[in-house]
């Protein structure tokens, strides 16, 4: 009986931990727009399979969490830091790649764009 109670508590703890990790990722989702002339015009951050994914015209890549508000983009060997305006809401993104800092301002509401919608929009932009 003790083993069953312990196993139940362990599974509940693991479930709550996974939900808490996904919940905190919701702070980052949205569209970030960069300054005119930047190598990247905009990126969209979404959640797929409990991981943060960054989408741009250059492709889609998962981000590795490194610390509070900081992630690693392995494809481009880049550090990504999400900046909070008032200590609560994410207001911008900084991407440090090849000695350059790209700064993007969060534009849209914190509602994730579905992957199909993103690719449909991307396809429409490239074919116009």
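The values are calculated or read from the model by the stated rules, or taken from the named source; none is laboratory data. All values reported here derive from a predicted model rather than from experimental measurement. Positions of Cβ are backbone-derived with ideal geometry, glycine not excepted, and every protein chain shown enters the neighbour counts.
How many residues are under 10 Å from the mean Cα position of the chain (by Cα) and at positive phi when one looks only at the range 28-43?
1
Kindly indicate whether any position in the range 9-27 is more than 16 Å from the chain's Cα centre (by Cα) and modelled with pLDDT of 90 or more.
no
Residue 47 - would you say it is in contact (Cβ under 8 Å) with a residue 24 or more places away in the chain and either surrounded by 14 or more Cβ atoms within 10 Å (Cβ to Cβ) or within 20 Å of residue 101 (Cβ to Cβ) (or both)?
Against the criterion (in contact (Cβ under 8 Å) with a residue 24 or more places away in the chain and either surrounded by 14 or more Cβ atoms within 10 Å (Cβ to Cβ) or within 20 Å of residue 101 (Cβ to Cβ) (or both)), residue 47 qualifies.
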